[in-house]
Amino acid sequence: MNIESASIEAKIGSLAPNFSLTATNGQEITLADFRGKSNVIVFFVRETSCIQCRIHVAHLGKLYQQFQAAGTEIIVILGEGVEKSRKFAESLKLPFPILADPDRRVYLLYELEKYFSLFQRTASLVVDQSGIVRYLKRTTIPNVWLQESRELYGFVLSLEN
């Protein structure tokens, strides 16, 4: 895994901190690879057992073609190894790979440390084609993800105007 800088804070209007992670298809995916090509939704799964996260990721999978038509790719990051991430992706029949972050270094890069050392923080963000964070929602309460897929789609469509 490659992380450019652990000192950059992710916030709306800032350059998204770059990272490279191994995907479930074995490919190394780097956030900066999307610059100049497409917007990117990045979603950090709280835990594989998080029902709300599973529902959100499944919704993203169902809307994937619509997101692609709107010039947006999807990156989902799971704080597990590649094999467990692959099983997660297969169980949801996802059309996009899941990126494995077993040490949760990218979680920390995006300020998603565990709350009270118990509850994994999660986030959803949109990075535009220039690499700028345009949307960012961090939370420890996963039920916010139940309506997030449609909200993200509406936001991505607004970037085209």
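Annotations for the structure displayed:
- Test: Leu152 is within 21 Å of Ala16 (Cβ to Cβ), at pLDDT below 90, part of a loop (DSSP other than H, G, I, E, B) and out of contact with any Asp or Glu (no Cβ under 7 Å at 6 or more places or on another chain): no
- Conditions (1) hydroxyl-bearing (Ser, Thr, Tyr); (2) at pLDDT 95 or above; (3) over 29 Å from Glu160 (Cα atoms); (4) surrounded by fewer than 18 Cβ atoms within 10 Å (Cβ to Cβ): number failed by Ser5: (2)
- With respect to (1) over 19 Å from Thr122 (Cα atoms); (2) in contact with a Lys or Arg (Cβ under 7 Å, 6 or more places away or on another chain), the lone exception for Ala70 is condition (2).
A quick yes/no check of all residues on (1) of a type in the set (Asp, Glu); (2) modelled with pLDDT under 90:
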residue: Asp103; (1), (2): yes, no
residue: Tyr110; (1), (2): no, yes
residue: Ile132; (1), (2): no, no
residue: Leu159; (1), (2): no, yes
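The values are calculated or read from the model by the stated rules, or taken from the named source; none is laboratory data. Since the model is a prediction, treat every value here as computed from it, not as a measurement. So basically every Cβ, Gly included, is an ideal-geometry build from the backbone, and we count neighbours across all protein chains shown.
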